[in-house]
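Please read the structure below before turning to the comments.
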Amino acid sequence: GCPHTPSILQKSKGIFNIKVIKLHGSASWLTCPNCDRLFTGLGSPESLWAQYVVPRRCEFCKAKFRLKKEVDLEGYLAGREPAILRPFFITPTYVKIFDNVHIQMAWHNALLDLSEADEVVFIGYSLPEADYHVRALLRRAVRPDAQIVVVLMKDAEPPRKTPAWLKRHYAAQRYRTFFGKNRVSLELGGVASYFTSMMSAASLPSRIRKLRKRFLQHTLRTGSLAGR
């Protein structure tokens, strides 16, 4: 475990938060193939190398089955070591498997939040046809009267003389086709332009500098693979 409270549980504990739901898992998620427990390094003082690269056992299964603390690397490479934590994420292919209990809970929470939203903002997401699971989720969850805002770059919009058969390859057109052209509000100036319009021009760079400083402090405190 770790001292960090998962974002989907913070509201129920009275903690003010911005909920983060990772529909396709995360490289920072580690799951046990034996008990399906989920571990994350958030809040841990260990280095990234020790958390995510060095093979380690599930603490619960290790105690339950009285396994040795040390991992036999030869046995691990041969697939004989039980309860070794492994990264969990869904690969970006047409063949995706969502049978893990944690990812199912994330998708259920996403469905509930989307169904209650008056406005849904997509930032830098092209709505690819391969993501038919996401498309099915949006179709089921997003209300017919919800406002759809899409933040992309200018090249997401097809040029004026683009043939009809080619337009579907542009992200802007995919959004219009999926939600209806009258529902979609396009912001084609990118992330910086979108957030600058929501706050003062001087405020955005200041906030970015603060976020960058906090990220660097966290990296120096926990260690980074790049420095090894």
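The values are calculated or read from the model by the stated rules, or taken from the named source; none is laboratory data. It should be emphasised that the depicted structure is a prediction, and the values quoted were computed from it without experimental measurement. All accessible areas refer to the heavy atoms of the entire protein, side chains included, with ligands and DNA or RNA removed. Shrake-Rupley method; radii C 1.70, N 1.55, O 1.52, S 1.80 Å.
Structure notes:
- Volume of the Cα convex hull of region 110-149, divided per residue and given in Å³: 67 Å³
- For region 129-184 versus region 29-93, the gap between their alpha-carbon centres in whole angstrom: 40 Å
- Note on LYS62: aspartates and glutamates with a C-alpha under 16 Å away, same-chain residues under 8 apart excluded, are ASP36, GLU70, ASP72, GLU81.
- Averaged per residue, region 15-157 has 63 square angstrom of accessible surface, using a 1.4 angstrom probe with ligands and nucleic acids left out.
- At 0.890 mPa s and 25 °C, Stokes diffusion of region 83-181 via Kirkwood alpha-carbon radius, µm² per second: 159 µm²/s
- Against the rule of thumb 2.2 N^0.38 Å, how large the Cα Rg of region 7-69 comes out: 1.34
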